[in-house]
Amino acid sequence: MFGSWKRTGMLTILLILAVFTTGCFGLFAGSTYRLNVFVLDGTTNEAIEGATVTAGTATGQTDDEGHVTFSGLSGSVTIEVTADDFDVVTRTVTMNQNRTETFRLGVDDIVDTAIAADDFNTLVAAVLVADLEDALRGAGPFTVFAPTDEAFAALDDSLLAYLLDNPNKLAQVLLYHVVEGSIWAADAIAAAPTSLTTLQGEQIDVTVDDGNVFINDAQVITPNIGASNGVIHVIDKVLIPENFDADDIVDTAITADDFNTLVTAVLAADLEDALRGTGPFTVFAPTDAAFADVPEALLAYLLDNPEKLADVLLYHVVDGRITSDDAVAAAPTSLTTLQGDAIDVTANGGVFINDAQVTMADISASNGIIHVIDTVLIPPSLEVDDIVDTAIAADDFNTLVTAVIEANLVDALRADGPFTVFAPTDAAFADVPEALLAYLLDNPDKLADVLLYHVVDGRITSDDAVAAAPTSLTTLQGDAIDVTANGVVFVNDAQVVLPDISASNGIIHVIDTVLIPPSLEVDDIVDTAIAADGFETLVEAVIAADLVATLKGEGPFTVFAPTDDAFADLPAGTLDSLLDDPDALANILKYHVVAGYFTAAEVIALDGHTLTTVQGTTVSISVNADVLINDAKVTATDIKASNGIIHVIDAVLIPDVD
């Protein structure tokens, strides 16, 4: 079955001697060269004795080894071989060196032999795609280890499609199945175990196990199919070179010109290994332009949050290899992504994935297929953290979050934006005078002005701020804030202590001081009394006693404020007398003022105790059914002002006279 090893060995020795002698003759022949011709039966590989060989004008007969030699040849020479029972074969060679030519009669060349067989359809198609037909029709001789159609079918669909789409890569694989020279099965068995260098450059291992010949891990299932320019051995697996460098989905995206952001995102989401896996995968790949259309803040947030980013990217990936033809045939349909949510596939004048159009289809990779789309897909179940969510999730923005809720700004700060927020910490809010903070929390419009003074339209990173500093930025409140940078970034007099916290609709920079807009108008104790009903006499008295400036001071002050009725209850003539005596009046009014900020709850907690007034003496606090300051009943509490708090009482307090 394997032919005569003895005959083949002798032929090999003759070939070596012929090459050696022709080489020696060539050294001294000047412009003429020696030609050795061997004529074999292509089906048996046996030498044909007595074949007539014509080389140019010279004619000779082959000996019992099928060999004939010509000398003194140069230039283009046509060789014609005639043998009984075989068609005449001709071949033209250029005699610019000593040559050896082998003719195998009665068989086609390797390509035609493969075409004529029933089981090499994929191999033949691959040879044509890889542009190797002419090479494999050459003089050779070649030994081809030819995978069957079944062997090719066992390849991963994605890898096969990738190879057929990449002729250079395909050629590397095919040439890994080809060895120079005619190596018949007997030769292989005799030499095994051994290695052979392929035309691709790497080696294949030849082993024999229980009489079966293996090429790497592929078994030779039919040996010794002779061809005019070599021999074919049929194998049951496609051989892949050890150092074969195929482009998987990641490589394909890296190599392309328009997936820079996608590649960056894949790396940031730690999905590289997954997308280099076996697959196959179908990837709907957004272009750089598609990513550029994603709101800047959302993209930055995703890049800063790998798990969220991975959810978005995996929403573009489906298990299996789905070509555009598959998609069109199935449309309309839904596909479950690796993220878990489904995408909708429609085809109407183009293929659409949700609302993204496929702009380029069927880019093969070794582990899948890529379809280019013009829009980034956002999974419906994706939960992203906007500015409000980010503040809530943090440990140090409790007061800020409370203030945003009180100022009714939650919806505004959840909007698309993008916004840049300079966010004061809880410690920063703790440094705000207690009275002012309480006043702001009690006055949502004023509070909103303060909070919006911390917000700027657009997404401004710390690098942007440093690059632009010194500069001014107009806030959503309307006033400008000053940005300076000298080793650290300052916003007005507040230092940025933690920059660049990404949110889906903006960016947060943490600051150590609450910013107060210069245009903010707040109501101090005097303003509050003036604006309220029932304090006309008190206001008149404060003015008469020259205490306006005092009660507009920083404080904080707690004021027990008598109503107009309380002043009216004073003995007749008392009020007029006091208004005519500013010092006496001031003494009485100061007796209604305590330094510090005492809420109603704190006053009640002082039941049975006293508070020292600004006048210098104390008032007593008692709690029964009512709260009494001395003998004056508290009728309203916790009226907040920017510099203190007011509790309304129903009687004027008169200090004891020593």
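The values are calculated or read from the model by the stated rules, or taken from the named source; none is laboratory data. Worth saying up front: this structure is predicted, and the values here are computed from it rather than measured. Here the Cβ is made from the backbone with ideal geometry for all residues, glycine too, and neighbour counts use every protein chain on show. In case anyone asks, the SASA skips ligands and DNA or RNA and just uses the protein heavy atoms, side chains included. Shrake-Rupley method; radii C 1.70, N 1.55, O 1.52, S 1.80 Å.
Using heavy atoms of the protein chains and a probe of 1.4 Å, the accessible area assigned to GLU602 is about 80 Å². For the chain, the share of DSSP beta bridges that are antiparallel, to the nearest 5, is 75%.
From the Cα gyration tensor of the stretch 450-507, with a ≥ b ≥ c the square roots of its eigenvalues, which class applies: rounded if a/c is under 1.5, or else prolate if a/b is larger than b/c, or else oblate? Oblate, since a/c reaches 1.5 and b/c is not below a/b. With a Förster radius of 45 Å applied to the C-beta separation of ASN96 and LEU267, the computed FRET efficiency comes to 0.25. For the stretch 607-654, a/c is not less than 1.5, where a ≥ b ≥ c are the root eigenvalues of the C-alpha gyration tensor, and a/b does not top b/c. That puts it in the oblate class.
Annotation: peptides 638-646, 74-82, 622-630, ranked by per-residue average of other Cβ atoms within 10 Å with the highest first, follow the order 638-646, 74-82, 622-630.
Model label points for GLU521 and ALA568, set 7 angstrom from Cα along the Cα-to-Cβ axis, are 3.1 nm apart. Figure note: ASP257, ASP565 ranked by solvent-accessible area, largest first, 1.4 Å probe, ligands and nucleic acids not counted: ASP257, ASP565.
Relative protection proxy for 198-204, 606-612, from highest mean packing down: 198-204, 606-612 (other beta-carbon atoms within 10 angstrom). Charge dipole of the stretch 494-608 (Cα centre as origin; +1 on each Lys and Arg Cβ, -1 on each Asp and Glu Cβ, all else neutral): 500 debye, rounded to the nearest 20. For ALA154 and GLU296, a Förster radius of 56 Å and the Cβ-Cβ distance give a FRET efficiency of 0.70, rounded to the nearest 0.05.
Calculated [222 nm] ellipticity per residue, helices only, for the chain: -8500 deg cm²/dmol; basis is -39500 (n - 2.57) per DSSP H run with n ≥ 4, divided by all residues, nearest 500. Between ASP426 and VAL623, the simple label model (points 7 Å from Cα in the Cβ direction) yields a spacing of 2.6 nm. Each other residue within a Cβ distance under 14 Å of ALA327 adds +1 if Lys or Arg and -1 if Asp or Glu, for a net charge of -3. Summing Lys and Arg as +1 and Asp and Glu as -1 over all other residues whose Cβ lies under 12 Å from the Cβ of LEU452 gives a net charge of -3. Measuring from a point 7 Å past the Cα of THR222 along Cα-to-C-beta, which residues in the stretch 119-143 have an amide N at less than 11 Å? Label zone hits: 119-121. Pairs of Cα atoms nearer than 8 Å and 6+ residues apart set the relative contact order; for the chain it is 8 percent. Relative to the Cα centre, the charge distribution of the stretch 383-481, modelled as +1 at Lys and Arg Cβ and -1 at Asp and Glu Cβ, gives a dipole magnitude of about 260 debye.
For the chain, a crude dipole built from +1 on the beta carbon of Lys and Arg and -1 on the beta carbon of Asp and Glu, taken about the Cα centre, is about 3460 debye to the nearest 20.
Here is what passes the span test in the chain: the DSSP H helices with alpha carbon length of 18 Å or more along the helix axis and a Kyte-Doolittle mean of 1.0 or above are 5-28. For the stretch 218-259, the residue among VAL238, PHE259, THR222 whose Cα projects farthest onto the positive side of the dipole built from Cβ charges is THR222.
Under a 5 Å amide H cut-off, with hydrogens placed 1.01 Å from N, ILE511 pairs with ALA423, THR425, VAL497 among residues at least 5 apart or on other chains. Rounded if a/c is under 1.5, else prolate if a/b is larger than b/c, else oblate: which is the stretch 146-239, with a ≥ b ≥ c the root eigenvalues of its Cα gyration tensor? Prolate, since a/c reaches 1.5 and a/b exceeds b/c. Across the stretch 145-151, coupling constants 3J(HN,Hα) worked out from phi with the 6.51/-1.76/1.60 Karplus curve, θ = phi - 60°, read 9, 9, x, 6, 4, 5, 5 Hz, and Gly and Pro carry x. For GLU602, the shell of other residues with beta-carbons less than 13 Å away shows a net charge of -3, using +1 for Lys and Arg and -1 for Asp and Glu. Each residue was assigned an accessible area with a 1.4 Å probe, and for ASP576 the value is about 100 Å². Estimated at 0.36 nm per residue, the fully extended path between ALA289 and THR637 surpasses their Cα-Cα distance by 119.2 nm. Under the simplified labelling scheme, the GLU383-LEU128 pair shows an inter-label distance of 5.7 nm, with each label point 7 Å from Cα along Cα→Cβ. Surface composition of the stretch 384-533: carbon and sulfur atoms hold 50% of the protein heavy-atom accessible area at a 1.4 Å probe.
Put simply, the amide H of ASN98, placed in the peptide plane, has neighbours under 5 Å in ARG34, leaving out anything fewer than 5 places away on its chain. Where in the stretch 142-163 is the amide nitrogen less than 17 Å from a point lying 7 Å along the Cα-to-Cβ axis of ALA191? Under 17 Å, as judged by backbone N against the label point of ALA191, lie 142-146 of the stretch 142-163. Once the chain from ASP165 to VAL497 is taken as fully extended at 0.36 nm per residue, the excess over their C-alpha distance is 114.1 nm. For the pair ASN260 and THR484, the difference between a 0.36 nm per residue extended length and the Cα-Cα distance amounts to 77.2 nm. Ordered by solvent-accessible area of protein heavy atoms (1.4 Å probe), largest first, the residues ASP581, ASP109 come out as ASP581, ASP109.
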